[in-house]
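Asks: Dumping the structure here so I can ask a few things about it.
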Amino acid sequence: MKIYNSAMREMIHIKIAIYGKGGIGKSTISANISAALAEKGYRVLQIGCDPKHDSTRLLLGGKIPETVLQYIKTVLPDDRKAEDIVYRGYGNVACVEAGGPEPGVGCAGRGVITTFEFLESLGIQSSLFDFTLYDVLGDVVCGGFAVPIRSKYAEAIYIVTSGEYLSIYAANNILRGIQNFSDAGDRVAGIIYNARSLMDEDDRVTRFARAVHLPIIVRVPRSELFARAEKEGCTVIERYPESQEAVLFNALVEHVESIIPENSGNLYPALPLSDEDLEQIVLLRKDSKAANKFLFQSKKDDIPEKYLSESVRNKRPLMGCAFIGAMSVISQITDAAIVLHCPRGCSLMLTERLLYIEQDSAIRGYHTYNREMIGRYFVTDMADEDFIFGGEKKLRVALESAIGKGFSTIFIITSCPPGIIGDDIGKVSTDVSKCFPDLQIIPIKVDGNLTGDFDQGFMEAYRAVIGMISPDTSLKISRSVNIIAERGHGMNPEKNIQVIQDLIGSLGISLNCRFLTRSDVDSLRHYNDAKLSIPANQDDTTKSIKKMLAVVSDIPFLDQPLPTGFYETKEWFLAVAEIFGEDEKAHQIIETEREEYQKRIGRIRPFLKGKTILISTVLRKIDWICDLAEDLGIKILKIGVMNFPFPVPFTTRYEGRIPIVNNYTEDLYFDDIQSLKPDLILYNLHFMLPPDQVRSARIPMNPEIGFHAAIRQAEKWSILMQIPVIDGWKKDGVEVE
Amino acid sequence: MIPDPDGYIGTLLAIEGVSDARTILNSPSAACRAYPMHFMRLHNPRETTRKRRSTDVQFFFGQSRMPCTYLDSDDYIFGSTQKLQKVLSMVAGDGDALLAVVNSPGASLIGDDLQRFLVEAHLDHICMIFESAAYSRPFPEGFDEATVSILRWLRLNRLPRLKKRVNLLGFSMIQKHWQGNIAELRHLCDLMGLTVVAVPGGGSSVSELRESTTASCNIVVFPEYSHKTAQFYKTEFGIPIVYSPDGAPVGFTATEAWIQTVASATGCDPAPALAEIKRLRTHAYRQIALSHQDAGYPKGATFAIRGDSSFIYPLSHWLFEYLGMIPVSVEIMPSADPETSRRFENFLAANNLPNALNADPAVVNPDFYFGVGLAGKDLELSGKCRTSIELFNRVTSDVHFTQMAYLGGQGALWILELIFNAVKGFPE
């Protein structure tokens, strides 16, 4: 046997991982291997990757060192040194413990990743040692705990198992994990059998080893000596060097040495068994019957209804995330605090956009600037250490800040990381609420896009706020309405809602509550004070919101959404008037508006009469355009209805009078432009930009509201007819494109 | 509270600040993608065509930059390997000199072995990985660390260092008029006979970064964003670091000091550059002389300022001494340069202005606010300041057709223009 004099010979640099089920004895085995290697003069580094951080205890005289993760948490980056977290154990073995979060919080797998990155950054590299041992928890082989198996780390992997079935099951699972990294070649060194003295144990392990084509390197018998050495805080190698157990480890070390390339190391591929084969081979059981299914007897009513967005329902790619969807809704509550439990980067987009919109619309004179908006957001700024140790502490701090600023209603919205690591938002909310009886904390646990897309978050936020509605209807205002599910109509949403308020005001009806736009908590709670609720839209999300509202409120909904254009507004206005017994007054107002409308039509008709239009749209209802076209003498050549993003059918009063093509594609669209040669193209989607030679205008996704909303669009079209078709700057693009 | 972009955004801007690099986000198609993507479109657009991708195009969803793996709940459990393989093979042939896969915060928890996928896709020679990206840490830290990571990954060759060649360090797209600033300093260097080899993170290409080791020294303009980068060059390649003691060249005084420092460090003649500044000073003098007797003169005007120490110190110093404007609120952003911060505090103390440090601008009601545009507008609209001047880029910033600067002689003139046109409107 070669005796290596570490001072004289060249270093070897072998990295070994030791995996096994928790409690199987990996740490004892790892520590004894390290001690035995050190005895032979090798330079050894042992890294414990188990959150219990007791891997190196037996090398450190029973002491538990400070863990890497705890160190990172408390020491500033510029002050960090390798000497602070690498401890000298028996035989000069360098000992490092990764550590991990407390049980029940955080993500230990992430902790392992962070540890490895940190060690590299401090220059604690395998190149300084002959052998590096990674002692790794094998119960969970998720991405993080599989880091040591990555090709740049362990060159050889030992699997520790006993004869207990679950231990062998875990060993087989570890082989599955290794197999996923098979690009790094054969790396399984073999099985270390840590016997429990069970009946048939030897046979089981032998059968398993044969089936997976792995050698059993050593059988470590159950021995009181290990317990005694452990009690004294040391390895068997140190305490009982002449014992049979020490001889076994020395033999094991000989095998470890054989991994050295010049000894043409013995390594094998990972060939895990299927669950069925495993059971048959190890337990000698063959049961081909499928498991019986559990039958539920619960009634349909007992199952709470799920409101799922269209993308979630159909497993389509999720656009946007529920976090932003929820935030966009809750930001409309003017006197509630919003705690965003997320990393900083998640909160930026919407906070900047919302503030910008608030400022921009105030500058344009749409409303008075509301400075309060800035002070309502509290971001927990989750960082790497929170992913490992959990973010609940920061959440508490953010809640306390919000309470300190005087907010009595606080919403919590979560992004992906707190959802993935399992932060218990409910518990934190409950704990904090106990100290403040008048405080209402409402968690909206959307977890980024774990629950779904923007629309899903939108609905989840509505659901949360709907839960605040008071059932008390004693303060009912008989001549008032709510508007629900607004999505920002037109360039000036406030002006548009003012149009509606003026219209209903002319019938002696007031607006009780905008559910959920620029409203305070009190008005939302008093949703039930109104007689009628008017939906802003007719889309899928609005339908779900109506269903949710119907659970807590008997207020009927108007069939028609907020209208665009003369005809729709007329119908809508008459419907509202009928409910409140104001038909006559409504007719009078309509006639006045009709006169105005006709005048405006008359002014622009000369520019548009006889023109042809091609329409490409994702919206499912654009009758306001068809109405305009009819009044202006414009011919609509075709309406191409695109599939994205809604499967809701296209409906129109003009069915049969205008050619309509469903499943309209980009190719069909550009073909039609060539063949039909329209005077004007109306389109929604930015990538449907027509060629420069054709006049075009965008169809707003949320058009303006009221009698004259549509005519304003047509006035823009008439201007288009008077200005050059091709903007001069586009000609410069000939060379660029 | 208006949040500042964090180290994650800093990481992405460092990558996209390499002109022929592309970021691939291992992330949902959500806010973690939307913000940096919109930021790039506004402040560093690379599109040369008006034609936009269809929203159906996988990974891009209608955008031209930053494809993402559109992670969902299944991917967090099962990993994102398949999507990564697809997107990498999709973009690999697009001619980028460097690809960088960056994990969003949620993706960093999956633990996928991203390096392995690069090897399997035979892309490890042009693609690097950011498994973690300074989430929620200060922007400059993420930017600086990412820049170092990129330089390390490129395995720069130790090339002979040549006289009269310098790198400029510390520029980032987050800084308002970043391109004009770089252009201005290149011009000043050119006047001194110096060649700027590379501006890491400020629009240099991979080949320029590879050449950066030929520089005789590194001129650190903004140490907050480049302290580690400068140390990297010094440690690995022996390239000395040059800092101007007066901070970044903001305002005539600091610009002249910067020119002298650079000239001294490189052995060049500062005279042509100083002459240029003198010419611009003279021009400024004539313009100011026209209005200094009138109501539209800023002497005595107060200002609040929030930004990086290396920028706001020389600016504040200059406004105080050159125009007689008084700082009433000073907030130094995180990751400050300690030496510059100390000098700034000493300056305030020496001029009986210690209370300005961390004073709330909403309380002191300054005439001018220099800082984040949204914060400035907030003060203006609330009647708490008269006018604001944006120092940082955001997704809500204006579109600019002309190339302005805040640094150098032209930068000083632009700042004066902003101030004097604002002051014109102040009531007496």
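Asks: Kindly give the semi-axes, whole Å and largest first, of the ellipsoid equivalent to the range B:208-268, taking each as the square root of 5 times a Cα gyration tensor eigenvalue.
Replies: Numbers: eigenvalues 91, 35, 17 Å².
Value: 21, 13, 9 Å, ordered largest first.
Asks: Under 1.5 on a/c is rounded, so check that first for the range A:310-395, then, if it is not, pick prolate when a/b is larger than b/c and oblate when it is not; a ≥ b ≥ c are the square roots of the alpha carbon gyration tensor eigenvalues.
Replies: Since a/c reaches 1.5 but b/c is at least a/b, the shape of the range A:310-395 is classed as oblate.
Asks: Grab the beta carbon distance between A:ARG88 and A:HIS367, set R0 = 60 Å, and tell me the FRET efficiency rounded to 0.05.
Replies: In this case the efficiency is close to 0.30.
Asks: Using the charge dipole of chain A (Lys, Arg: +1 at Cβ; Asp, Glu: -1 at Cβ; taken about the Cα centre), state which of A:ALA211, A:HIS53, A:ILE673 has its Cα farthest towards the positive end.
Replies: Final value for the positive-end residue is A:ILE673.
Asks: Now, a different point. Using the basic label-point model (7 angstrom from Cα toward the beta carbon), what is the A:HIS587 to A:LEU76 distance in nanometres?
Replies: Once both label points are built, they end up 8.1 nm from each other.
Asks: Leaving out ligands and nucleic acids, note down the accessible area per residue over chain B with a 1.4 angstrom probe, in whole Å².
Replies: Values: 15710 Å² over 428 residues.
Per-residue accessible area for chain B comes out at 37 Å².
Asks: Can you pull the one-decimal nm distance between simple spin-label points at A:ASP438 and A:ASP667, each 7 Å off the Cα toward Cβ?
Replies: Modelled inter-label distance: 6.7 nm.
Asks: Another question, if that's okay. Between the DSSP loop rule and a limit of at most 15 other Cβ atoms within 10 Å, which trypsin sites (Lys or Arg not before Pro) in the range A:212-281 are left?
Replies: A:ARG222
Asks: Hey, if we sort A:SER523, A:SER718, A:SER478 by accessible area with the 1.4 Å probe, largest down, what's the order?
Replies: A:SER478, A:SER523, A:SER718
Asks: Grab the beta carbon distance between A:ARG653 and A:SER506, set R0 = 35 Å, and tell me the FRET efficiency rounded to 0.05.
Replies: 0.85
Asks: Moving to a separate point now. Give me the number: length gained by fully extending A:THR334 to A:SER408, i.e. 0.36 nm times residue separation minus the C-alpha to C-alpha distance, one decimal in nm.
Replies: Details: separation 74, 0.36 × 74 = 26.64 nm, distance 1.23 nm.
Result for the pair: 25.4 nm of gain on full extension.
Asks: Got a number for the accessible area of B:HIS38? Probe 1.4 Å, square angstrom, nearest 10.
Replies: For B:HIS38, the solvent-accessible surface is approximately 60 Å².
Asks: Ignoring ligands, DNA and RNA, how much accessible area is buried between chains B and A, both sides summed, with a 1.4 Å probe, to the nearest 100 Å²?
Replies: 5100
Asks: Rounded to the nearest Å, what's the spacing between the alpha carbon centres of the range A:544-591 and the range A:186-231? Just the number, please.
Replies: Cα centroid to Cα centroid, the span is 77 Å.
Asks: To continue, here is another question. Starting from the 7 Å offset along Cα-to-Cβ, what nm value, one decimal, do you get for the label separation of A:GLU595 and A:MET721?
Replies: Here the answer is 2.6 nm between the modelled labels.
Asks: What residues have an amide H closer than 5 Å to that of A:VAL160, excluding those fewer than 5 places away on the same chain, when H is modeled at 1.01 Å from N in the peptide plane?
Replies: A:TYR19, A:GLY20, A:ILE192
Asks: Measure off, as a whole percent, the carbon and sulfur share of the 1.4 Å-probe accessible area of the range A:698-737, all protein chains present. Let's see the in-between values first.
Replies: Working: 1330 of 2320 Å².
On the range A:698-737, the fraction of accessible area on carbon and sulfur atoms equals 57 percent.
Asks: Please work out whether the protein assembly as shown counts as rounded, prolate or oblate from its C-alpha gyration tensor, where a ≥ b ≥ c are the square roots of the eigenvalues and a/c under 1.5 means rounded, while otherwise a/b larger than b/c means prolate and anything else oblate?
Replies: Oblate shape, in that a/c is at least 1.5 and b/c is the bigger or equal ratio.
Asks: Once you have the alpha carbon radius of gyration of the range B:262-319, what is it after dividing by 2.2 N^0.38 Å, with N set to its residue count?
Replies: So the Cα radius of gyration is 1.53 times the expected 2.2 N^0.38 Å.
Asks: Over 30 Å between C-alpha atoms is what I'm after, so list which of A:LYS599/B:LYS377; A:LYS394/A:LYS434; A:LYS315/A:LYS547; A:LYS531/A:LYS570 land there.
Replies: Exceeds cut-off: A:LYS599/B:LYS377.
Asks: Between A:LEU166 and A:ASN266, what is the FRET efficiency for a Förster distance of 30 Å, r being their Cβ-Cβ separation, to the nearest 0.05?
Replies: Approximately 0.60, to the nearest 0.05.
Asks: Reachable aspartates and glutamates from A:LYS543, Cα under 18 Å, same-chain residues fewer than 8 places away excluded?
Replies: Cross-link targets: A:GLU305, A:GLU310, A:ASP453, A:ASP455, A:GLU460, A:GLU486, A:ASP554, A:ASP559.
Asks: Once phi is turned into θ = phi - 60°, what whole-Hz ³J(HN,Hα) does the Karplus curve with 6.51, -1.76 and 1.60 give for every residue of the range B:357-372, x standing for Gly and Pro?
Replies: Calculated HN-Hα couplings, in order: 5, 6, 5, 7, x, 6, 9, 7, 6, x, 6, 10, 10, 10, x, 5 Hz.
Asks: Per DSSP helix of 4 or more residues, -39500 (n - 2.57); summed, then divided by the residues of the protein assembly as shown. What does that give at 222 nm, rounded to the nearest 500?
Replies: Working: 43 runs with 471 residues, N = 1165.
-12000 deg cm²/dmol, from helical runs alone.
Asks: Normalising by the residue count of chain A, find the relative contact order in percent from Cα pairs under 8 Å and 6+ residues apart.
Replies: 10
Asks: Tell me the volume per residue, in Å³, of the convex hull enclosing the alpha carbons of chain B. Please report the intermediate quantities before stating the final value.
Replies: Working: hull volume 63.3 nm³, N = 428.
Normalising the Cα hull of chain B by residue number yields 148 Å³.
Asks: Which whole-angstrom value gives the distance between the alpha carbon centres of the range A:358-396 and the range A:94-123?
Replies: About 31 Å separates the Cα centre of the range A:358-396 from the one of the range A:94-123.
The values are calculated or read from the model by the stated rules, or taken from the named source; none is laboratory data. For clarity, every value in this text was computed on a predicted model and none was experimentally measured. Note that each Cβ is placed from the backbone with ideal geometry, even for glycine, and that neighbours are counted across all protein chains shown. Calculation scope for accessible area: heavy atoms of the full protein, side chains included, ligands and nucleic acids excluded. Shrake-Rupley method; radii C 1.70, N 1.55, O 1.52, S 1.80 Å.
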